[in-house]
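The structure appears right after this line, and notes come after that.
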Amino acid sequence: VKDIQSVYLDSTFYDPRFYQIPTREVCLNGISVLIGNWISQSPYHVVWLNCKAAYGYEYLFTNLGEEFNTRIHVNHLAMFKKMPEILSYVTTDRRMQIHACRHPKDEEFFQGNRLPCGCTAPDGTPLRIISIKPSTMWFGERTKKTNVIIKTGASSFRACFSFHSSYSELKDFLSYLRPVNIYPSVIPLGRTLTEVTQMLKLMCRNQSDQAAFIYKPLGVLKRNRVQRPTQDSGSDDELFDGLDVAPVRKKMGLNHEVKKEKSPERTAPP
Ligand SMILES: [Zn+2]
C-alpha cells in the first residue's frame, strides 16, 4: 500500500454504536423478498418505495428492475439523464407495480391508500399498496441477528439501506492505510468534534513510525469524475429518520470532493 499522509474520512458512523451495518447485498435481498412476495399476489398489489433523497438509490432501482423485469416509476427522468445505466430501470409511466414517485403530501396519500402519483387501476379495482422506507440501520458488535426489514405499520415497512460505511469497516480501512493524519468530515450523532478527533487519532500512524518516514507526494490528482456536490446531502438528512435519536449532527463545511477521498485508488495515479 502506498504511503498515505492524510485521509479525509466520511466519519458519519465512526462510533462503536454503529459497529455493523448490513451490506447492500443483504439489504437488497431483504427488500427483494418483501417486494416479490407482495407484487406476485396480483397486478393490483403495488409497492411504494419511500425514498426521500434524490440520489443514492441507483443500486436499489437497477437491481429491483432487473430482478422483477420492470421499471420503477419516478417523477422525472431528467435527474438520471447523465446516468444511462439507471435510465433503463426508471420510467415516468405510472402503470408500474413498483413506485418511487413523490408528492409533497405523499405520506398523507399513502395513509389514504393512494400512490403519490395518483395512479389507479384501469378497471377501478383499488390498489393494495405497501410502503418501504429505506433507511440506515446499525447494530452493535455483539448483535448476531440483524434483521434488515422492520414492519412499522399495517402496510408499512422500514428496510435497511445504507449510504455510508460502518464503524468496523472504517476501522479496517484505516488500519490498512495507517495515515499520518485523519480528518473527520462529519461529527457522528451525539458526539463532539473532540471525541471523534480523539478516536481517529488512535488510528493514525504513531509518532515514532513517522520519524522514519519521508513523505513522497503521490503525484497529481486525477479528476476523471466530477462529483456533484449535492450527491448525498439529501439522504444525510434522512439517515436518522424515524429513529429515536435527535438530529443534531453537524457538518463541518468540508466539501464533498475531499470527503470522497475515502477511495484513494480513485485519485492516486496508477
Ligand atoms: Zn408512481
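For (1) more than 11 Å from the ligand (Cβ to nearest atom); (2) more than 18 Å from the chain's Cα centre (by Cα), each residue gets a yes or a no:
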site: Y57; (1), (2): yes, no
site: P84; (1), (2): yes, yes
site: L87; (1), (2): yes, yes
site: M96; (1), (2): no, yes
site: Q111; (1), (2): yes, yes
site: T125; (1), (2): yes, yes
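For region 93-140, taking the residues that are assigned to a loop (DSSP other than H, G, I, E, B) and charged (D, E, K, R), the one that is most open to solvent (accessible area, probe 1.4 Å) is identified as R95. Checking each residue in region 141-150 for being outside any loop (DSSP other than H, G, I, E, B) and either within 16 Å of the ligand (Cβ to nearest atom) or in contact with a helix residue (DSSP H, G or I) (Cβ under 8 Å, 6 or more places away or on another chain) (or both) picks out only I149. Residues being over 21 Å from the mean Cα position of the chain (by Cα), within 14 Å of the ligand (Cβ to nearest atom), surrounded by 13 or more Cβ atoms within 10 Å (Cβ to Cβ) and not in a strand (DSSP E or B) are represented in region 70-82 by at least one member.
Please count how many residues of region 58-69 are open to solvent by less than 90 Å² (accessible area, probe 1.4 Å) and in a helix (DSSP H, G or I).
We begin by selecting, within region 58-69, every residue open to solvent by less than 90 Å² (accessible area, probe 1.4 Å); these are 58-65, 68.
Right, trim to in a helix (DSSP H, G or I) and you get 58-65.
Qualifying residue count, region 58-69: 8.
Restricting attention to region 21-35 and to residues that are open to solvent by 20 Å² or more (accessible area, probe 1.4 Å) and over 15 Å from the mean Cα position of the chain (by Cα), the residue that is farthest from the ligand (Cβ to nearest atom) turns out to be N29. If the condition is being at pLDDT below 90 and touching a helix residue (DSSP H, G or I) at 6+ places or on another chain (Cβ under 8 Å), then region 80-102 contributes F80, K81, M83, E85.
The values are calculated or read from the model by the stated rules, or taken from the named source; none is laboratory data. Predicted model only: the values in this text are computed from it and were never measured. Positions of Cβ are backbone-derived with ideal geometry, glycine not excepted, and every protein chain shown enters the neighbour counts. For accessibility, only protein heavy atoms count, side chains too; no ligands or nucleic acids. Shrake-Rupley method; radii C 1.70, N 1.55, O 1.52, S 1.80 Å.
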